[in-house]
Amino acid sequence: MESFIHWLDLCGVGVFAASGALTASRKQMDLVGFCLIATVTGIGGGTLRDLLLDRGAVSWVNDPSTIVLCFAVAAALFFTAHHIESRFRALLWADAVGLAVFCVGGAEISLSAGAPALVAVLMGVMTATFGGILRDVLCAEVPLILRREIYATAAAAGAITYVALETAEAGWIAQVVGFGVGFGARAIGIVTGFSLPTYRSRPGRVYHPS
Amino acid sequence: MESFIHWLDLCGVGVFAASGALTASRKQMDLVGFCLIATVTGIGGGTLRDLLLDRGAVSWVNDPSTIVLCFAVAAALFFTAHHIESRFRALLWADAVGLAVFCVGGAEISLSAGAPALVAVLMGVMTATFGGILRDVLCAEVPLILRREIYATAAAAGAITYVALETAEAGWIAQVVGFGVGFGARAIGIVTGFSLPTYRSRPGRVYHPS
Amino acid sequence: MESFIHWLDLCGVGVFAASGALTASRKQMDLVGFCLIATVTGIGGGTLRDLLLDRGAVSWVNDPSTIVLCFAVAAALFFTAHHIESRFRALLWADAVGLAVFCVGGAEISLSAGAPALVAVLMGVMTATFGGILRDVLCAEVPLILRREIYATAAAAGAITYVALETAEAGWIAQVVGFGVGFGARAIGIVTGFSLPTYRSRPGRVYHPS
């Protein structure tokens with residue numbers, strides 16, 4: 001089980017690194033720029049989580065395997081990304097997988113560190129969104145979080161589902177369903193462009209369906 | 001006394017959360033977006049302070065009451081902010097109260113952690129401005145710190161006043177006067193648009209009154 | 001030797017502070033704004049490094065000498081920067097010296113904290129670039145890291161050189177050569193505008209010489 005979580009975490013790091021490399025390609029960076037943006041995107045969320053939970057030195061300081069993974073993904077995409085037809089679309093989907101993995105993983109590690117359920121949910125959302133925010137800020141892109149689609153909401157849905165099922169002692173089902181809910185919600189956002197009711201300033205129009 | 005500080009801190013978190021929710025409303029976010037931006041703005045400054053002082057896990061990890069407050073403020077404003085006539089003006093004032101509370105609170109906690117006076121002042125300024133910076137960066141707004149009004153200077157004035165009076169053992173007067181100076185200076189900036197002499201590149205015009 | 005490293009670190013803080021103050025001058029800030037941006041730029045990289053390595057409270061919390069240095073540099077430039085003919089050019093060169101100092105210093109402190117070589121290189125690059133990124137984000141400038149010149153690559157070259165020579169137990173030569181390689185690579189970027197092969201989206205044009 002422990003190794004399953006580690007594998008899942010590596011998977012999240014890898015897809016976030018890919019989304020970072022794809023953003024770097026949109027900015028015409030060189031190979032080092034690819035590696036830097038990919039790594040910051042891949043490890044950013046987990047690093048913030050480790051800092052906030054005060055888990056000692058962040059995990060990758062003593063175990064560089066995640067760094068190696070990020071560099072490998074960056075190098076691979078530096079040479080092959082031009083074969084991908086719509087790189088922005090690929091970026092969105094890689095980001096979506098990372099979001100779903102990290103909203104569960106961030107909540108899980110917070111729970112096991114003794115945090116209350118509400119904090120675990122917030123930490124899940126932060127872990128899932130922070131790497132992408134760093135990527136977008138570093139590359140001077142509009143943060144995905146500002147797109148009028150389901151984004152942070154997807155991370156929240158995944159984290160809440162996981163925490164609820166985990167509290168009910170659902171075992172590994174909690175992780176799988178949490179991931180599924182988070183990824184599914186984000187996928188709806190990408191595919192349909194559908195958004196939850198957003199704020200509208202005029203009275204009587206607080207809710208609106210699109 | 002201890003509880004007074006805790007209450008004041010909650011007050012600062014609440015008004016910063018309100019400023020975050022008002023910014024989210026300007027960006028047409030959904031309810032989760034409101035909660036996320038409100039929370040990050042509300043707890044950002046204190047979290048940075050706790051990380052830099054190495055006070056163990058940041059306070060809200062084990063005590064989610066501040067998180068609950070941020071969510072409540074965000075939800076309340078999601079449904080009512082359209083009744084506020086000038087939301088940007090309201091945002092400025094909420095930010096000003098938070099600034100004044102946190103420049104004193106940040107300096108206070110740094111002093112009690114044994115930091116020298118100069119560091120306490122800097123930490124007060126950072127605590128007071130970091131939440132708002134996160135808010136503006138996440139929402140891709142121009143940071144308030146760049147407006148040509150008294151802003152960081154107000155936080156510095158409040159923190160310096162507090163640290164000076166605290167060193168003179170003025171007791172609770174130090175906090176009250178520090179808050180008053182910080183809020184007053186920022187209020188002058190908002191109301192009059194007056195700015196301190198800013199840098200001008202041409203020789204002989206280094207100072208200018210507006 | 002210990003004091004040489006401390007002196008070198010102060011030197012890096014000072015030039016980064018100067019680059020921050022010069023950016024503040026481009027944004028027409030007041031004296032407090034100058035001090036804040038200069039300080040954040042000067043200590044940003046080292047602070048991130050200390051947080052990630054979990055070295056307890058960051059160094060400047062208990063020793064405000066670096067803060068005093070940043071304030072002094074900021075105040076000096078507030079009153080004299082208008083004598084500098086091309087402030088953007090001066091900013092680029094100050095940033096280059098800071099980059100070269102911190103890519104070596106960040107890698108060195110990481111190695112001495114027991115981090116593997118790869119992590120030390122990454123930490124060197126992060127230490128060298130983070131202060132400048134904070135500066136550019138706070139001032140809403142396009143991050144230097146996005147300029148199509150050798151930038152992060154220079155930091156990586158310096159850090160790799162240092163780590164390789166240090167592993168070969170080259171003593172102080174490792175630091176000097178590491179600094180020289182980092183600064184030289186960045187200088188080539190500034191002077192010639194030359195960039196490494198960057199990513200190009202069209203097949204067959206992945207490499208291009210300028």
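Taking other C-beta atoms within 10 Å as the exposure proxy, B:Trp7, B:Trp60 rank B:Trp7, B:Trp60 from fewest upward.
How long are the semi-axes of the equivalent ellipsoid of region B:2-192, taking √(5λ) for every eigenvalue λ of the Cα gyration tensor, in whole Å from largest down?
Working: eigenvalues 136, 70, 37 Å².
Whole-Å semi-axes of the equivalent ellipsoid: 26, 19, 14.
Given a 10 angstrom Cα cut-off, can you work out which residue in B:Gly44, B:Gly193, B:Gly20 is the most mobile in a GNM of chain B? Sorting by GNM fluctuation, first place goes to B:Gly193. Pick out which of B:Ile84, B:Ile43, B:Ile109 has the largest mean-square fluctuation in a Gaussian network model of chain B, springs linking Cα atoms closer than 10 Å. In this elastic network of chain B, the residue with the biggest mean-square fluctuation among B:Ile84, B:Ile43, B:Ile109 is B:Ile84. Shielding of peptide C:58-68 by partners, expressed as the average count of other chain Cβ atoms within 10 Å per residue Cβ, is 4.
Within chain B, the longest segment free of exposed loop sites, counting trypsin sites (Lys or Arg not before Pro) that fall outside DSSP classes H, G, I, E and B and have at most 16 other Cβ atoms within 10 Å, spans B:56-146.
Largest GNM mean-square fluctuation among A:Ser65, A:Ser195, A:Ser110, using chain A with Cα springs under 10 Å: A:Ser65. Helix screen, chain B: DSSP H segments with Cα axial length of 27 Å or more and mean Kyte-Doolittle hydropathy at least 0.0 are B:2-26, B:31-53, B:87-112, B:117-138, B:172-192.
Specify whether the C-alpha gyration tensor of the protein assembly as shown places it in the rounded, prolate or oblate class, a ≥ b ≥ c being the square roots of the eigenvalues: rounded for a/c under 1.5, otherwise prolate if a/b is larger than b/c and oblate if not. All intermediate terms of the calculation are to be shown ahead of the outcome.
Numbers: a/c = 1.40, a/b = 1.00, b/c = 1.39.
Rounded.
Report the per residue volume, in Å³, of the convex hull enclosing the C-alpha atoms of region B:1-91.
101
In this assembly of identical copies, the label point of C:Arg147 (Cα plus 7 Å along Cα-to-Cβ) is separated from its counterparts by 3.1, 3.1 nm, sorted shortest first. Ranked from shortest, the separations from the 7 Å Cα-to-Cβ label point of A:Asp63 to its equivalents in the other copies are 3.3, 3.3 nm.
Within chain A, what is the longest stretch that has no GluC sites (Glu not before Pro) placed in a DSSP loop and near at most 13 other beta-carbon atoms within 10 Å? Mind dumping the intermediate values first?
Values: sites that count: A:Glu85, A:Glu169.
In short, A:1-84.
Modelled this way, with points 7 Å down the Cα-to-C-beta line, the labels at A:Ile173 and B:Arg55 are 4.2 nm from one another. Here the sum of -39500 (n - 2.57) over DSSP H runs of 4 or more residues, divided by the residues of the protein assembly as shown, equals -25000 deg cm²/dmol at 222 nm, to the nearest 500.
Take the Cα of B:Cys11, step 7 Å toward its Cβ, do the same at B:Val142, and the gap between the two points is 3.2 nm.
With 19 Å as the cut-off, how large is the P(r) tail for region B:148-197, expressed as percent of Cα-Cα pairs?
27
Rounded to 0.05, the FRET efficiency of the B:Val191 and B:Arg26 pair, given R0 = 22 Å and the Cβ-Cβ distance, is 0.55. Each copy carries A:Leu10; placing its label point 7 Å along the C-beta direction from Cα gives inter-copy distances of 4.7, 4.7 nm, listed from smallest up.
Quick check: from the Cα gyration tensor, does region A:81-210 come out rounded (a/c under 1.5), prolate or oblate?
Numbers: a/c = 1.77, a/b = 1.25, b/c = 1.42.
Verdict is oblate for region A:81-210.
Give the long-range amide H neighbours of B:Thr198: residues separated by 5 or more places, or on another chain, with amide H under 5 Å away, using H modelled in the peptide plane at 1.01 Å from N. Result for B:Thr198 returns B:His208.
What does the C-alpha gyration tensor say about the overall shape of region A:25-76? Classify as rounded when a/c is under 1.5, otherwise prolate if a/b is larger than b/c, or oblate.
Details: a/c = 3.63, a/b = 1.99, b/c = 1.82.
The shape class here is prolate.
Throughout, read-outs are computed from the coordinates displayed, never taken from laboratory work. Note that the structure is a prediction, hence the values are computed from the model and not measured. Heads up, the Cβs are rebuilt from the backbone with ideal geometry, glycines too, and the neighbour counts pull from every protein chain shown.
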